[in-house]
Amino acid sequence: MNEKYLQILSISMVAVFGSLIVWIYWAAPKNFEEISIKAQSTIENISTKTQVITNTYEVDRAKFDEGVKNFREENYILARDLFERADPERRDAATQFYIAYSFYRQGWGRVSNDDELFQKGLEQVNRVAALDKDFVSSDADLQLKTPVELKNEFEEGLKITAGDFNPLRILRERK
Amino acid sequence: MTSMINENESTAIEGEIISDSPDDEEKTIVAAKSSREIAVRSNDSALWFQYFAAPAIFLLVAFLGGLRLGAADNEFLFHAPALVCLIFALMLQVLFVRARLIEVDGWFSDAFPPLRNAANTAVMIALFAASMQVFNALIPEQGLLFWIVSFFFLWSLWTNLFAEFETKKLLVSLGSLFGMAFIVKYLILSSFVVPESGFFNALLSGNLTRETLTSLLDLPRYSAGTGYIQFFTLVLYLIGLYILPPVSKGRHSLPVSGKISSETGSLETIS
């Protein structure tokens, strides 16, 4: 073989297999099955980051629609998972708003709220506000259309006030 | 290092022998052609060793050096090298240069084409990575023993840096040093380790002393397969060092400096 081809082969081999070794030590798969799973996840991450860099990033519309369907069916855990997969880079305000809203609806209780879910929802709605301050949801099904309104619900829900002991609270409705 | 090149052979390769007899001339041409073929083939195989076999072996060592198998279900555990392994690998490279296992001028030169320098750099990177992972394989992962074995490695490498070494002696010395570290870690220390953790397990199985030693020395629990993997890693690394030429081979070699011996009539090259 030509000397130059051998030298190119050597450089390529060290670059490719060197990168592979670094990746394996970084990903630390536990068995052969995990190697393919982690490889797929890494490729997806790289692909998403490349889309962000080249400004071609878009939300996965199919997953988003499926997420909305599950959100309306009150399957909030699955809906959140689908929204997160639809927008892995957390750049779409509408998708992030749905995630925050799912925390509100899942955590809301007629007698008491789930503080842990409300706290997560509060963090999430702050992310929506950071992405788009003027965001207004176009979903007619949602009574709280803006991050500010939703944030207020979370903050009120996390506070303990005299009103919390009012027996008429059980008559209130979820928004 | 001194190498002898037969003057007649080198003359035949050049094809400059002039003979009055036509038969002699024919024989000389045939000899010249076969010598040239042997030289080209030898150079080709040297290039394959240098640019393919050696880096492939070193990359394999770099991959296997940090691989451990869990005691419970033989799961892969990739142990990244500690900072001290990088320092030891660097010291080892200096030692290689001092012992002329690697001659820097023979691997990197302004006279070489950029591609050759780049390929040689790739081989050296693979060698460095392999050296680092060999230390990673031989030094205990954590606890007091990590520092004790590291100290002995540092002591050996540091004293070797100031010793006069030949290539062969260095390889023998490294083989024995690494061999001893392997025995300590994978034969002696691993014999103290009990596969299952927990006081009650140890009490029931009668391994209380070993369990205590495992806890006190902070020994990790690996399966027996780890020792086999690391044994082959070590052997591969030494083979890699053995096949690595001190000077990189190539068609654009540096001019040979030397003199014609008055006794044998052959060329003595000095490197």
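The values are calculated or read from the model by the stated rules, or taken from the named source; none is laboratory data. What you see is a predicted model, and the numbers here were worked out from it, not measured in a lab. Positions of Cβ are backbone-derived with ideal geometry, glycine not excepted, and every protein chain shown enters the neighbour counts. Areas reflect the complete protein model, heavy atoms only, side chains present, ligands, DNA and RNA absent. Shrake-Rupley method; radii C 1.70, N 1.55, O 1.52, S 1.80 Å.
Backbone N atoms of the range B:59-77 closer than 18 Å to the 7 Å Cα→Cβ label point of A:E33 belong to residues B:70, B:72-77.
Would you mind getting me the FRET efficiency between B:M180 and B:A80? Use the beta-carbon distance for r and R0 = 25 Å, nearest 0.05. Working shown, then result.
Numbers: r = 24 Å, r/R0 = 0.97.
Calculated transfer efficiency: 0.55.
Note on chain A: helix-only mean residue ellipticity at 222 nm, from DSSP H runs of 4+ residues weighted -39500 (n - 2.57) and normalised by residue number, equals -21500 deg cm²/dmol.
Compute the orientation-averaged projected area for the range A:113-175 from the convex hull of its Cα atoms and round it to one decimal in nm². Present the calculation step by step, with values, prior to reporting the outcome.
On the way: hull surface 19.2 nm².
The Cα convex hull of the range A:113-175, projected and averaged over all directions, gives 4.8 nm².
Relative to a virtual label point 7 Å from the Cα of B:D44 in the Cα→beta-carbon direction, which members of the range B:223-249 show backbone nitrogen distances below 18 Å? In the range B:223-249, the label zone of B:D44 (backbone N under 18 Å from the point 7 Å along Cα→Cβ) covers B:249.
Determine, from the Cβ-Cβ distance of B:F152 and B:V97 and an R0 of 25 Å, the FRET efficiency 1/(1 + (r/R0)^6), rounded to the nearest 0.05. Once rounded, the FRET efficiency stands at 0.65. For the chain pair B and A, the interface hides roughly 2200 square angstrom of accessible area in total, found with a 1.4 Å probe. Summarising the label geometry, the points placed 7 Å from Cα in the beta-carbon direction at A:V136 and A:N2 lie 6.7 nm from one another.
Computed extension length for A:A162-A:S41: 38.7 nm, one decimal, from 0.36 nm per residue of separation with the Cα-Cα distance subtracted.
Please give the FRET efficiency for B:T167 paired with A:A15, using the beta carbon to beta carbon distance and R0 = 45 Å, rounded to the nearest 0.05. Could the numbers behind the result be given before it?
Values: r = 29 Å, r/R0 = 0.64.
So the FRET efficiency works out to roughly 0.95.
Taking the range A:127-156 and a reference point 7 angstrom along Cα→Cβ of A:R72, the backbone N atoms nearer than 16 Å belong to A:138-143. The 3J(HN,Hα) values that the Karplus relation (6.51, -1.76, 1.60; θ = phi - 60°) gives for the range A:140-149 are, in residue order, 5, 6, 8, 7, 9, 9, 10, x, 5, 5 Hz. Gly and Pro appear as x. Overall, the accessible surface of the range A:15-132 at a probe of 1.4 angstrom is composed of carbon and sulfur to the extent of 53 percent. Here the Karplus curve 6.51 cos²θ - 1.76 cosθ + 1.60, taken at θ = phi - 60°, turns the phi angles of the range B:226-238 into couplings of 4, x, 5, 4, 6, 4, 5, 4, 5, 5, 4, 4, 5 Hz, with x standing for Gly and Pro.
Label-to-label distance, A:K145 versus B:A118, with points set 7 angstrom from Cα along the beta-carbon direction: 6.0 nm.
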